[in-house]
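Structure record follows, encoded as structure tokens.
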Amino acid sequence: MPTNTTQRQGPAAQSPDASPQQGPGLTRRSMISKLAVLGLGATGVGAGALALVSYQDEASAKPKVPAKKGPEHAWCMVIDLRTCDGCQKCTKACQKRHGLREEQTWIKVYEMDDGRGGTFNMPRPCMMCEDPPCLKVCPVSATIRTDEGLVLVDTDDCVGSRACMAACPYEARYFNWQDPLPAARMPMPNTPQMPVAQKGTVGKCVLCADRLPQGDLPACVDSCPMGVLYVGDLVNDVAVNSQGTTVILSEFLHDNDAVRFKEELGTNPRVWYILGHGQTLEDAS
């Protein structure tokens, strides 16, 4: 699946009471890639066969150019609003892992009004847009997007212009007004995948990019007691939550009518929401 795919349509919907599928060998702490093999065959006859042979002979005489291999992963997130109780353990786990101050909430849980006069809880991380407006406005190119679809900030290059904060329609970026909290562990290198907060720079959710290559869940996903948050891979068509529930991603999105926040803006976010109980994202801001 190409990296820039924004939403995949799965097979025919399952019955309404169908439960997410448990994937063999894919556990809470380890995501094992699923491989799809596509076999193609063709047989020509008559004059058509001669034309095909002629074309093949001509093609075989040309230098073979290996096909360009795409990224192995295309990371995304699915948030099931039907089971979120607003405990904010995702927020606290993120803050602890990244040494953030209380006002720095890289994933924030909002209380929203629903369509029945009640409220629901809406976790909101960085949307990891495929067409991120924050990237275009950075004057020093400190915002980057990886081949696997993660939007990150190189805080060594960031000059704190805050143009990215103004451009982000999801309010997913935070300025470091103060010095970071004392490190709770030995100093570590500062990388976009695991940034170390620095005064005068902008920070944001990185989906725990340093954990993903190891097969580990992001801190927010791992800490959710309700299994609300799923980390997914569009290339391998799989997603998993903290409860070890493994789903076929395209089917999960299709069967549950998943939507994306402010999709009309054309940013192509890679965070999908599953609604229910009267929720609507139309007025969420």
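The values are calculated or read from the model by the stated rules, or taken from the named source; none is laboratory data. Just so it is clear, the model here is predicted, and its values are computed rather than measured. Positions of Cβ are generated from backbone atoms using ideal geometry, with glycine treated the same way; all protein chains shown enter the neighbour counts. For the accessible areas, the whole protein counts, side chains as well, though only heavy atoms, and no ligand, DNA or RNA atoms are used. Shrake-Rupley method; radii C 1.70, N 1.55, O 1.52, S 1.80 Å.
Please work out if ASP113 is open to solvent by 10 Å² or more (accessible area, probe 1.4 Å), closer than 21 Å to VAL238 by Cα and touching a strand residue (DSSP E or B) at 6+ places or on another chain (Cβ under 9 Å). Taking the combined requirement at face value, the residue does not satisfy it. Within the stretch 261-276, the set of residues being more than 21 Å from CYS208 (Cα to Cα) and either open to solvent by 20 Å² or more (accessible area, probe 1.4 Å) or not hydrophobic (A, V, I, L, M, F, W, C) (or both) comprises LYS262, GLU263, GLU264, LEU265, GLY266, THR267, LEU275, GLY276. The residues in the stretch 99-121 that are in a loop (DSSP other than H, G, I, E, B) and closer than 12 Å to GLN88 by Cβ can be counted, and the count is 3. Out of GLU103, GLU130, one residue alone is acidic (Asp, Glu) and at pLDDT below 95. It is GLU103. Within the stretch 245-257, being farther than 23 Å from ASP147 by Cα and open to solvent by less than 10 Å² (accessible area, probe 1.4 Å) holds for THR246, VAL247. Of everything listed in (1) touching a residue at least 24 places away in the same chain (Cβ under 8 Å); (2) within 30 Å of ASN190 (Cα to Cα), the single unmet condition for ASP210 is (1). All conditions in (1) touching a Phe, Trp or Tyr at 6+ places or on another chain (Cβ under 7 Å); (2) more than 29 Å from VAL238 (Cα to Cα); (3) of a type outside the set (D, E, K, R) hold for CYS94, with the sole exception of (2). Can you tell me which residue in the stretch 232-244 is surrounded by the fewest Cβ atoms within 10 Å (Cβ to Cβ), limited to those that are in contact with a helix residue (DSSP H, G or I) (Cβ under 9 Å, 6 or more places away or on another chain) and over 13 Å from ALA74 (Cα atoms)? Here the residue is SER242.
Of the strands (runs of 3 or more DSSP E) entirely within the stretch 122-223, those holding at least 2 residues that are open to solvent by less than 30 Å² (accessible area, probe 1.4 Å) and among the hydrophobic types (A, V, I, L, M, F, W, C) occupy 151-153.
Considering VAL247, VAL228, VAL221, the condition of being in contact with an Asp or Glu (Cβ under 7 Å, 6 or more places away or on another chain), modelled with pLDDT of 90 or more and among the aliphatic types (A, V, I, L, M) is satisfied by VAL228 alone.
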